[in-house]
1. Criterion first (more than 16 Å from the ligand (Cβ to nearest atom), over 22 Å from residue 112 (Cβ atoms), in contact (Cβ under 8 Å) with a residue 60 or more places away in the chain and touching a helix residue (DSSP H, G or I) at 6+ places or on another chain (Cβ under 8 Å)) does residue 77 satisfy it?
2. Being part of a loop (DSSP other than H, G, I, E, B) and within 10 Å of the ligand (Cβ to nearest atom) is the filter here, so list the residues in segment 286-308 that pass it.
3. Restricting to segment 22-33, count the residues that are closer than 21 Å to residue 144 by Cβ and either out of contact with any helix residue (DSSP H, G or I) (no Cβ under 7 Å at 6 or more places or on another chain) or within 16 Å of the ligand (Cβ to nearest atom) (or both).
4. Test of understanding: among 431, 338, 394, 345, which residue is within 30 Å of residue 29 (Cβ to Cβ) and buried (at least 18 other Cβ atoms within 10 Å of the Cβ)?
5. Answer with yes or no whether residue 261 is in the same structural domain as residue 194 (by TED's automatic domain parsing) and surrounded by 17 or more Cβ atoms within 10 Å (Cβ to Cβ).
6. Kindly state which helices (runs of 4 or more DSSP H) lie completely within segment 340-406 and contain at least 1 residues that are away from the ligand (no atom under 13 Å from the Cβ), within 19 Å of residue 444 (Cα to Cα) and in contact (Cβ under 8 Å) with a residue 24 or more places away in the chain.
7. Suppose the filter is crowded, with 21+ Cβ neighbours inside 10 Å, more than 16 Å from the ligand (Cβ to nearest atom) and under 22 Å from the mean Cα position of the chain (by Cα); does residue 222 pass it?
8. Do the conditions hold for residue 195, that is, is it surrounded by fewer than 22 Cβ atoms within 10 Å (Cβ to Cβ), more than 16 Å from the ligand (Cβ to nearest atom) and either in the same structural domain as residue 104 (by TED's automatic domain parsing) or under 22 Å from residue 111 (Cβ atoms) (or both)?
Ligand code: ADP
């Protein structure tokens with residue numbers, strides 16, 4: 001029997017363009033599903049996408065997206081990469097920019113037009129193609145769920161996945177006209193959000209099924225604390241909402257075969273060479289002291305305030321701390337001040353894939369004090385590299401990291417240090433517990449080894465998506 005066709009749409013896909021975990025998921029989930037389903041992945045063609053490196057060429061297809069009386073030209077590009085078919089949507093407004101969404105700390109003012117074009121292009125592909133399912137990801141694709149409903153020629157069912165509810169794509173009501181969306185949709189049940197237009201709401205309200213990236217986050221977003229103003233709307237739609245925990249690409253994140261490492265390794269003992277090399281490079285002293293790393297976006301969500309407030313106390317402990325990331329300027333300044341005041345805190349600004357791998361390999365612990373975390377990939381990458389995560393017990397962190405106190409050999413999940421209150425005191429207490437655990441070399445080594453052997457791959461986890469696709473395809 002011919003495999004069912006699925007169009008998987010995302011605004012970023014690794015290795016073509018990436019600002020966060022969505023790109024990782026949009027790369028590895030379709031690849032894992034591609035055996036059972038015939039996947040096409042569609043994303044915008046940004047200026048930074050390397051056409052030559054990936055053999056991306058025009059497919060010969062071009063069309064015009066008509067919105068609100070304006071025509072926007074679209075040219076399709078394509079390539080095959082690791083057995084998956086990719087389509088890239090090129091259009092001047094969408095493509096000819098330096099950043100994906102805008103410079104740090106603000107989005108482009110015309111993002112609603114840009115991702116309106118993208119959503120219309122997704123629906124145009126659906127019209128042409130015999131797809132059974134459209135898997136739409138995050139607000140940038142949200143409008144496509146609404147447009148599909150309005151278009152009788154589209155047969156595909158829709159699945160909308162929320163990767164982070166904090167980014168919703170909210171625009172002035174006047175944009176409705178620019179986007180050519182009928183005013184019948186501008187209601188509380190539709191896309192209206194406090195007098196404005198909300199793309200995420202379009203995805204949630206109009207898609208046939210909605211998922212988010214961990215079961216805990218699926219429950220949390222029904223509450224005012226985590227619902228970002230959409231908790232009531234999500235509760236209304238809870239019948240079609242579920243949580244599926246993310247996996248990681250275990251081929252890309254493989255300490256044994258990682259070309260970015262000084263000394264690839266299979267067992268935790270192999271980390272020592274990577275740790276010395278990293279300490280030497282950063283000027284940190286003391287290979288016997290536990291090394292804590294933080295890798296991520298410098299934003300409120302990632303618990304930067306907790307981290308910065310706790311760092312001076314953490315730095316007094318017998319340990320080293322290394323931080324890599326970029327983001328809001330205020331956090332840059334505050335982190336710089338702490339790093340300058342403490343010789344055992346090193347700080348690197350920027351986005352550096354290779355360096356992040358070397359840090360996972362060198363680290364004994366990964367700090368992840370996120371205030372909320374839809375799923376989080378870093379903690380799973382860390383466990384795969386034999387570093388124990390120190391996590392705030394929320395969302396996907398609660399689902400993927402079990403507290404070390406309950407560690408028993410043979411259990412299937414990964415273990416780390418977990419703390420419940422989002423306070424600097426609780427974070428500091430967790431770091432103290434980590435330092436203590438590090439002193440118990442046998443126990444620490446056993447847990448690190450157990451974590452390295454856990455299965456965080458998409459092979460198993462993608463099956464939940466396959467089951468949903470099947471339900472959707474059969475529902476029509
Ligand atoms: P996010 O909320 O940013 O999507 P995730 O934990 O889901 O967080 O995914 C983050 C991904 O980005 C991981 O692959 C992580 O290693 C990577 N990453 C984050 N910041 C950096 C950085 N400064 N340099 C290299 N990789 C980074």
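The values are calculated or read from the model by the stated rules, or taken from the named source; none is laboratory data. Model, not experiment: these values are computed from the prediction. Methodologically, a virtual Cβ is constructed for each residue, glycine included, from the backbone with ideal geometry; neighbour enumeration extends over all protein chains shown.
1. No.
2. Within segment 286-308, just 299 meets the criteria.
3. Matching residues across segment 22-33 total 7.
4. Matching residue, one of 431, 338, 394, 345: 394.
5. no
6. 353-362
7. In short, no.
8. So residue 195 fits the description; yes.
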